[in-house]
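Notes to accompany the following structure.
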């Protein structure tokens, strides 16, 4: 009975391990299929990206346009040689890269048009804001002019402004008038009588 139990347990373990392996392999396959689409480069990257293309008779390296040109040249050479199999193979390879390049260019053009549209919308929004500000400024100016017309004219002395100390002239102290005094002769050393009156 023990041997049967061990055999049954071993079989059970084997089946569990087999189930795990199969499940792991399936998820790996589905994961790898999902990765193909995720890792596909976007349009802008494809146009200038360098590819290694495995053609019917070896690798061709270059940008999509260079690869297309090369396969078209190989296609013509195969036609001249009379090899119909290679003619078809090169034509299919060239067509594949032509479709890929055309799709990338369409994506680029769509992105460019979207960016242009967004730029136009932003510019239109800025223009609307500027026009709104201009209109608000003009209406404010117009209302200020109308208010000024409605207010009565104030006395010239009362401008409605507050006088500041800097604007007021400093009060001056009145000057005392000068009094003219008659000149008094200075006493000189020659006080004995030699005065200029004698010269008259």
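A few remarks follow.
- The range 55-66 - residue that is modelled with pLDDT under 90 and in contact with a helix residue (DSSP H, G or I) (Cβ under 9 Å, 6 or more places away or on another chain) and, of those, nearest to residue 104 (Cα to Cα): 55
- Any hit, the range 131-142, residues being at pLDDT below 85, farther than 30 Å from residue 45 by Cα, over 54 Å from the mean Cα position of the chain (by Cα) and assigned to a helix (DSSP H, G or I): no
- Some residue of the range 21-29 being assigned to a helix (DSSP H, G or I), at pLDDT 90 or above and either surrounded by fewer than 10 Cβ atoms within 10 Å (Cβ to Cβ) or on the phi < 0 side of the Ramachandran plot (or both): no
The values are calculated or read from the model by the stated rules, or taken from the named source; none is laboratory data. In this text the structure is predicted, and so the values were computed from the model without any measurement. Cβ coordinates were reconstructed from backbone atoms using ideal geometry, including for glycine residues, and neighbour counts include every protein chain displayed.
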